[in-house]
Amino acid sequence: MGLAEVEYLNGILSIIFVFLSIVIGIKIALKYREYRKPIFLLFGSTWILLAEPWYPMAVSFLVALVNDKGLTIEQYLLIGVVLVPLGIFIGVTAATELIFKEQQKIIQIIFAIIGAVFEIFFIYCIFNEPSLIGDINGIVDLELSPIAQLYLLSMAGVILLLGILFSRESLKSDDPEIKLKGKMILIAFITFSIGAVMEATIPLNLANEAQYILMLLISRTILIFSAIAFYCGFYLPKFMKNLFIKEER
């Protein structure tokens, strides 16, 4: 079968996004060593797991360079969806450490139940009826089923809402640096949600190469930008601090 030219682009962009997300997530998690606050472990792990749906794109591309076929649908789904409910649960836990702390347990229970139901559904489908989750489009991409779309979009909406609420708390601070970090985290959650929605709902048809390339470049650029913004929300670069905080003053 072999890789089409646009799949090279998809694979390379996937590798860039996945690599950035893992490195950024690890760096944020490692801040725990400095501050001894679990929130850094939670947010770092959340970002790594939120990027999971793009892992099989990168892996299938690399495998296809060797065997010209990429991953099987079962392998693709195991890599790309099994840990999504865990990522959502950790994200909810991270956000409720800072907001809605009193309601944290009940929120965790709700999302644990929802996550468990979909985890069972995902695992059943992977080994019995993978098409209920999606079908591989070419070698690198996955066309999600309506059920998988609904779950992922609804969970992305919840994470976005919690991210907005968390950022709002930072934006209330009198410290301009904390306020700027809050803005960057808000931008990260918004852009990630936009990119994820685009990739989950807009058909990327290999038959229409121009449209495929355009939408791929837009959505993946937005996702890469979201990862960088998330990093800046925890590790505010000096040049950004000097530029924007001076302007605010």
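The values are calculated or read from the model by the stated rules, or taken from the named source; none is laboratory data. Remember, predicted model here, so these are calculated numbers, not experimental data. No Cβ is skipped: glycine too gets one built from the backbone with ideal geometry, and neighbour counts run over all protein chains shown.
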task = Would you point out which residue out of LEU42, LEU77, LEU50, LEU13 is touching a Ser or Thr at 6+ places or on another chain (Cβ under 7 Å), of a type outside the set (Phe, Trp, Tyr) and crowded, with 20+ Cβ neighbours inside 10 Å?
result = LEU42
query = Restricting attention to segment 122-141, which residues are closer than 15 Å to VAL82 by Cα and either touching a Cys at 6+ places or on another chain (Cβ under 7 Å) or modelled with pLDDT under 90 (or both)?
reply = LEU132, ILE133, GLY134
remark   = Per the filter on segment 200-215, residues in contact with a strand residue (DSSP E or B) (Cβ under 9 Å, 6 or more places away or on another chain) and either at pLDDT 80 or above or hydrophobic (A, V, I, L, M, F, W, C) (or both) are ALA200, LEU204, LEU206
note = Of the residues in segment 158-178 that are touching a residue at least 24 places away in the same chain (Cβ under 8 Å) and not hydrophobic (A, V, I, L, M, F, W, C), the one that is surrounded by the most Cβ atoms within 10 Å (Cβ to Cβ) is GLY163
message = Condition check: under 30 Å from GLU7 (Cα atoms), of a type in the set (A, V, I, L, M, F, W, C) and not in a helix (DSSP H, G or I). Does LEU98 satisfy that?
response = no
task = Test VAL59 against the stated conditions and say whether it is without any contact (Cβ under 8 Å) to a residue 12 or more places away in the chain, part of a helix (DSSP H, G or I), of a type in the set (A, V, I, L, M) and over 20 Å from MET155 (Cα atoms).
result = no
